[in-house]
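First, the structure itself, so that you have it in front of you.
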Amino acid sequence: MSDHIQRLKNEHKDFNVSDIDSSFESDPIKAFQQWFNDACNSNEDEPNALCLSTVDVLTHQPSSRIVYLKDLRNNELVFYTNYSSKKGLEIEKNGNASMLFFWPGLQRQIRIQGILNKISSKESDTYFSSRPRSSQIGAWASKQSDRLESKEELEIRVKDLEKRFPGVVPRPDFWGGYALDPHFIEFWQGRPSRLHDRICFEKENDEWVSYRINP
Ligand SMILES: Cc1cc2nc3c(=O)[nH]c(=O)nc-3n(C[C@H](O)[C@H](O)[C@H](O)COP(=O)(O)O)c2cc1C
């Protein structure tokens with residue numbers, strides 16, 4: 001492994017794709033949309049994959065995992081998951097969360113901090129009904145984050161659910177969306193010699209205030 005680390009160090013190229021200049025959007029949501037569009041229009045794999053971090057309030061232990069951004073509406077970022085999963089149980093007690101997007105081809109990172117809230121049942125229903133049947137059955141079958149004795153146990157559950165729902169699969173009430181209402185957003189653009197551009201936006205009295213920070 002250390003050989004690879006050494007090789008990666010030797011092969012690492014300086015960041016030099018672009019910079020954050022005066023043309024950068026002064027509204028962070030518009031800036032996010034711009035960078036998200038750039039990522040989707042470039043060769044980034046999985047541009048809507050983000051690292052979501054939540055914190056267990058009892059142990060203060062953060063946990064991170066990748067989820068997909070599925071919507072940006074009312075200035076909030078939406079993803080879907082199992083409400084009884086590890087993240088779901090953590091969010092129930094502590095809605096403070098952090099989202100991180102990394103688009104290596106563009107040498108960009110966006111960190112977003114805010115409060116998570118469940119979206120309406122209606123909105124979750126609409127999204128759930130748009131999913132392929134196999135994913136709908138999968139949502140029912142997975143007791144996400146619980147211990148699983150064997151893969152067979154899960155396969156048997158899937159078969160049983162196929163029989164239970166021969167037609168339309170309803171959304172399980174333990175599955176749905178969360179929306180992050182952001183209060184802090186940092187845009188990071190890689191620059192040569194570690195002199196990266198970092199622009200932060202913080203919400204103060206419902207207004208976004210922006211400033212640069214050191215790389
Ligand atoms: C590319 C990618 C996309 C994923 N998207 C989702 C998602 O949208 N929702 C989700 O619940 N899990 C998603 N996962 C799985 C999560 O990373 C994670 O394993 C799962 O949500 C359980 O997390 P938890 O035990 O911390 O609650 C994705 C994983 C990857 C690698």
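What aspartates and glutamates sit close enough to LYS93 to cross-link, taking a C-alpha to C-alpha distance under 16 Å and skipping anything fewer than 8 places away on the same chain?
ASP56
Say we join alpha carbon atoms closer than 10 Å with springs in a Gaussian network model of the chain; which of SER64, SER18, SER134 then has the biggest fluctuation?
SER134
Which loop GluC sites (Glu not before Pro) in the stretch 149-210, with loop taken from DSSP, have no more than 14 other Cβ atoms within 10 angstrom of their Cβ?
Numbers: sites: GLU149, GLU152, GLU153, GLU155, GLU162, GLU186, GLU202, GLU204, GLU207; in loops: GLU149.
When the GluC sites (Glu not before Pro) of the stretch 149-210 are filtered for loop state and at most 14 Cβ neighbours within 10 Å, GLU149 remain.
So if the hydrodynamic radius of the stretch 11-139 is defined as the Kirkwood radius over C-alpha pairs, what does Stokes-Einstein give as its diffusion coefficient at 20 °C and 1.002 mPa s, in µm² per second? Present the calculation step by step, with values, prior to reporting the outcome.
Details: Rh = 16.6 Å.
In µm²/s, the coefficient is 129.
Specify the inter-centroid distance of the stretch 55-75 and the stretch 88-154, based on alpha-carbon positions, in whole Å.
When both Cα centres are located, 8 Å separates them.
If you don't mind, another one. I need two numbers for the chain: Rg to one decimal and Dmax as a whole number, Cα atoms only, in Å.
20.1, 60
Please report Rg (one decimal) and Dmax (integer) in Å for the Cα set of the stretch 49-125.
Cα radius of gyration and Dmax of the stretch 49-125 are 12.9, 38 Å respectively.
Summing Lys, Arg as +1 and Asp, Glu as -1, what charge do residues with Cβ under 14 Å from the Cβ of LEU154 carry, LEU154 excluded? Working shown, then result.
Working: positive: LYS143, ARG147, LYS151, ARG157, LYS159; negative: ASP146, GLU149, GLU152, GLU153, GLU155, ASP160, GLU162.
Summing Lys and Arg as +1 and Asp and Glu as -1 gives -2.
Magnitude of the Cβ-charge dipole of the stretch 1-127, K/R +1 and D/E -1, about the Cα centre, nearest 20 debye? Walk me through the numbers before you get to the answer.
Details: 14 positive and 18 negative charges, 86 e Å.
The calculation lands at about 420 debye.
Follow-up. Can you give the longest stretch of the chain with no exposed loop site, where a site means trypsin sites (Lys or Arg not before Pro) in a DSSP loop (not H, G, I, E or B) with at most 11 other C-beta atoms within 10 Å? Don't skip to the end; give the middle numbers.
Details: sites that count: LYS13, ARG147.
Counting at most 11 other Cβ atoms within 10 Å as exposed, the longest clean stretch of the chain is 14-146.
Computed from the coordinates by the stated procedures, all read-outs in this text should not be read as laboratory data. Bear in mind the structure is a predicted one, so any value in this text is a computation, not a measurement. Reconstructed Cβ throughout: ideal geometry from the backbone, glycine too, with neighbour counts over all protein chains shown.
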